[in-house]
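What follows is one structure encoded as structure tokens, with my remarks underneath.
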Amino acid sequence: MFVRKFTLRDFRSWDAIALEPGPGVTLFVGPNGHGKTNLLEALGYLSSLSSHRVSTDAPLIRAGATQAQIGAAVVNDGRELAIDLEINDGRANRARMNGSPLRRPREILGVLRSVLFAPEDLSMVRGDPGDRRRYLDELLCSRLPRMAAVKADYEKVLRQRSALLKTAGGALRRGTRSTDGASALATLDVWDGHLAAHGAELLAGRLRLVAELGPHVASSYRGIAPESRPAAIRYRSSLGDSMPPELVDPDHHWIRDDTELLEASFLNELAVSRQREIDRGVCLVGPHRDDLELHLGDQPAKGFASHGESWSFALSLRLAAFALLRADGADPVLMLDDVFAELDRTRRTALAAVAADAEQVLITAAVAEDVPAELDARRFGIEAVSTAAGRISRLV
């Protein structure tokens, strides 16, 4: 898989650009803050419908514009598809495929598969569980685009159920039996069923993914840091004792009934946690409360890993994602955002070996010499210039 051409309009610091990177290695060189990362961020957004830098869309639209546009011609096994995305200020985003409008932007998921490694990835090791859940869900939706709809449905139900819990809890704390409070309590069982159904499907997808991902993480880490402790990942579910233990076994062979078993376990844990949830006014059970545990030897990586070990683990997670997507049948586009400057010689060599074997690699660097010489790259210079419309990025 490779991007034959991509275009931007009013995305971040770029007012307009059309570029044909083609297969092989492409290097974007320029000072920090001049817009080179924005190019990879745009393609990453087209791949996952999210940014690795911000959680909202507003910063992606160039100052003074009301809409940003990203387009790409993606070649996969000789077949080319054109995808276009409009990111709108205050309105729903819109997408097209081969010029035809799509009902929802998420219908483009899976057309462009990419793996982006950036300095922000250190948060997967040192940050909150949300960073690790996001890593799993982006990879899951890239491999199985239908899971994006499952996740969206789960989040919709979660918002509704959270509102009901706050209403019910507020009524009980006031010692009143308001109509709203009674109605919320009466309908919680219905929303419990919806939450368990969507949550069990999302949880099953994550558990299967972690089982497949684990060996790749261990192998990647071993190649990067052979003298370090062995790396391992493990999924921790908020279902607690309700979780059937066999379903977290990496060697478990999944069948359709397993998702139904998870749904029943989910409902059981919701029943056990009902009063605590009402008291706190939040949903305490579900994939939104889960975590991907990272271990080095017998210790958790978070809090115990050195700076070098943390970088190695973050890199291993990305390389494992690349290996898993490649095993599905097509190389994802590998994007490396100014990371070689952060790595020592051993890690640079390991990353360069993977990059040299990938079908398409897009790299950013402030200094070209940071990129290993064995990566024979086509080079583009980038600079930012001041104009009447503001600071604009340009190819040089």
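The values are calculated or read from the model by the stated rules, or taken from the named source; none is laboratory data. All figures in this text were calculated on a predicted structure; none of them were measured in a lab. A quick note on method: Cβ atoms are made from the backbone with ideal geometry, for glycine too, and the neighbour counts reach across all protein chains shown. To get the accessible areas, we keep the full protein, side chains included, count just its heavy atoms, and leave off ligands, DNA and RNA. Shrake-Rupley method; radii C 1.70, N 1.55, O 1.52, S 1.80 Å.
Some points to look at:
- Taken over the stretch 1-151, the alpha-carbon convex hull comes to 128 cubic angstrom per residue.
- Here each label is just a point 7 Å from Cα along the line to Cβ, and for Val367 and Asp279 those points are 5.7 nm apart.
- Surface composition of the chain: carbon and sulfur make up 49 percent of the accessible area, probe 1.4 Å.
- 20 Å cut-off, amide nitrogen to a point 7 angstrom out along Arg126 Cα→Cβ, residues in the stretch 227-249: 228-229, 231-232
- Note on Lys36: lysines with a C-alpha under 22 Å away, same-chain residues under 8 apart excluded, are Lys5.
- Of all the options Arg234, Arg280, Arg106, the one that moves most in a Gaussian network model of the chain with Cα springs shorter than 10 angstrom is Arg280.
- Think of the chain as having a plus end and a minus end, set by charges on the Cβ of Lys, Arg, Asp and Glu; of Ala301, Leu60, Pro287, Leu60 sits farthest toward the positive end of this dipole.
- Separation in nanometres of the label points that stand 7 Å from Cα toward Cβ, at Asp298 and Glu107: 5.5 nm
- Glu20 exposes around 100 Å² of accessible area when a 1.4 Å probe is run over every protein chain in place.
- Contour excess over end-to-end distance, with Cα ends at Ala271 and Glu383 and 0.36 nm allotted per residue: 34.5 nm
- Sequence-distant contacts, meaning Cα pairs under 8 Å at least 6 residues apart, place the relative contact order of the stretch 42-104 at 22 percent.
- Compared with the direct C-alpha span, the chain from Leu144 to Asp328 gains 65.2 nm at full extension, assuming 0.36 nm per residue.
- If you wrap the Cα atoms of the chain in a convex hull and average its projected area over all directions, you get 21.7 nm².
- Taking every protein chain into account, the accessible area of the chain amounts to 45 square angstrom per residue (probe 1.4 Å).
- Reach of Lys302 by Cα under 18 Å, taken over aspartates and glutamates that are not fewer than 8 positions away in the same chain: Glu120, Asp121, Asp128, Asp131, Asp290, Asp291, Glu293
- 3J(HN,Hα) along the stretch 309-314: 5, 5, 4, 4, 5, 4 Hz, from the Karplus curve 6.51 cos²θ - 1.76 cosθ + 1.60 with θ = phi - 60°, whole Hz, x for Gly and Pro.
- For the stretch 245-396, the spread of Cα coordinates along the three principal axes comes to 62, 45, 35 Å, biggest extent given first.
- Residues of type aspartates and glutamates that Lys166 reaches as a straight line, Cα spacing below 14 Å, ignoring anything fewer than 8 places off in the same chain: Asp180, Glu277, Asp279
- Environment charge at Asp370 (Cβ cut-off 10 Å; Lys +1, Arg +1, Asp -1, Glu -1): -2
- Fraction of antiparallel bridges per DSSP, the chain only, in percent to nearest 5: 70 percent
- Taking the C-alpha atoms of the stretch 176-308, convex hull volume expressed per residue in Å³: 125 Å³
- Label-reachable residues, the stretch 46-70, where backbone N falls under 14 Å from a point 7 Å from Asn88's Cα toward its Cβ: 66-69
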